[in-house]
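The values are calculated or read from the model by the stated rules, or taken from the named source; none is laboratory data. In this text, all values refer to a predicted model and were calculated from it rather than measured experimentally. Quick reminder, even Gly has a Cβ in these numbers, built from the backbone with ideal geometry, and neighbours come from all protein chains shown.
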Amino acid sequence: MNRFANKVAFVTGAGSGMGRATAVRLAAEGAAVTVLGRRENKLVDVVNEITAAGGRALAVAGDVTKPEDLERAVARTVEEFGGLHFAVNNAGGGGHLPTSLHEQTVEDWQDVIDKNFNSVFYSLKYEIPAILAAGGGSIVNISSVFADRGRLPRDYVGAKHGVRGITRSAAVEYGPQGIRINELQPGVILTELTEANVEATQEVVKIGVPMARMGTGEEIAGAVAFLLSDDAAYVTGAHLAVDGGFLA
């Protein structure tokens, strides 16, 4: 397929895992892709993979908790590729597990909210004007199945619930202006983090995933590509779980 020919995409947290798989998938379908992340060497690897396959890609090192980094990255994208049509706000991080809510430090709370919720606001703030200038497009915010659960870690869960809210509000606000904005909820996905905690992850899979396996970054990338594409032209403000049945 070549659904994204002559289009430009921007992917955060793209150095590994779901972000990397998404960037590679969008490039394979014809998009020029900017990959943003904190580890420049990982980003260069992604760009090399994309260009080796005949695609176009740009690596921009940056931290999604810093608005100025996102502003700079979007500006670089427009300068390099001439516009912006799609964005995937994938960057995030894990939560903390204190004994009880009142024992959690303000610093730990703020760290997780910054990485998982504020970063989505900062991303949208700079992506939306660029997409409007290009005549419209589509955005996918990556949250979690925990956007539908009330459980620990509370900071991570709270942040992902926030992603649900800002996605729906932004979809209502910008739908009339030609931007579709949706939320994708990954379940237990094989990433660097789950590989580092493979025994605990496998226990979660045994108990809670009807398909009895972890998902892959490529499966997330396929769902993201659907939501960005014209195949989802009448879908906005929605949330799609890609979770092997976890929420069921």
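Brief remarks follow.
- Residue match in region 48-55 (condition: closer than 21 Å to Asn182 by Cβ, touching a residue at least 24 places away in the same chain (Cβ under 8 Å), buried (at least 16 other Cβ atoms within 10 Å of the Cβ) and out of contact with any Pro (no Cβ under 9 Å at 6 or more places or on another chain)): no
- Failed item, numbered, when Ala21 is tested on (1) in contact with a Ser or Thr (Cβ under 7 Å, 6 or more places away or on another chain); (2) at negative phi: (1)
- Matching residues in region 48-68 - criterion: being over 19 Å from Asn116 (Cβ atoms) and either hydroxyl-bearing (Ser, Thr, Tyr) or at pLDDT below 95 (or both): Thr51
- Residue check for Glu71: within 28 Å of Phe117 (Cβ to Cβ) and at pLDDT 95 or above: yes
- Condition met for Val112 (in contact with a strand residue (DSSP E or B) (Cβ under 6 Å, 6 or more places away or on another chain), in a helix (DSSP H, G or I) and of a type in the set (Val, Ile, Thr)): no
- Candidate set: region 70-86, residues that are in contact with a helix residue (DSSP H, G or I) (Cβ under 6 Å, 6 or more places away or on another chain) and of a type outside the set (A, V, I, L, M); chosen: the one farthest from Val35 (Cα to Cα): Glu71
- Residue list for region 14-36, restricted to those being over 14 Å from Thr77 (Cβ atoms) and either out of contact with any Lys or Arg (no Cβ under 9 Å at 6 or more places or on another chain) or of a type in the set (A, V, I, L, M) (or both): Gly17, Met18, Gly19, Ala21, Thr22, Val24, Arg25, Ala28
- Considering residues of region 1-20 that are assigned to a helix (DSSP H, G or I) and in contact with a Gly (Cβ under 6 Å, 6 or more places away or on another chain) only, the residue surrounded by the fewest Cβ atoms within 10 Å (Cβ to Cβ): Gly17
- Any hit, region 21-35, residues being surrounded by fewer than 16 Cβ atoms within 10 Å (Cβ to Cβ), modelled with pLDDT of 95 or more and among the hydroxyl-bearing types (Ser, Thr, Tyr): no
- Residue selected from region 127-144 under the condition of a type outside the set (A, V, I, L, M, F, W, C) and touching a residue at least 12 places away in the same chain (Cβ under 8 Å), by the criterion nearest to Lys115 (Cα to Cα): Ser143
- Screening region 87-109 for residues that are assigned to a loop (DSSP other than H, G, I, E, B) and out of contact with any helix residue (DSSP H, G or I) (no Cβ under 8 Å at 6 or more places or on another chain) and picking the one that is nearest to Ile189 (Cα to Cα) gives Leu97.
- Helices (runs of 4 or more DSSP H) contained entirely in region 143-248, each with at least 3 residues that are surrounded by 18 or more Cβ atoms within 10 Å (Cβ to Cβ) and among the small types (Gly, Ala, Ser): 154-174, 217-228
- Residue list for region 78-100, restricted to those being more than 23 Å from Val120 (Cβ to Cβ) and either of a type in the set (Ser, Thr, Tyr) or at pLDDT below 90 (or both): Pro98, Thr99, Ser100
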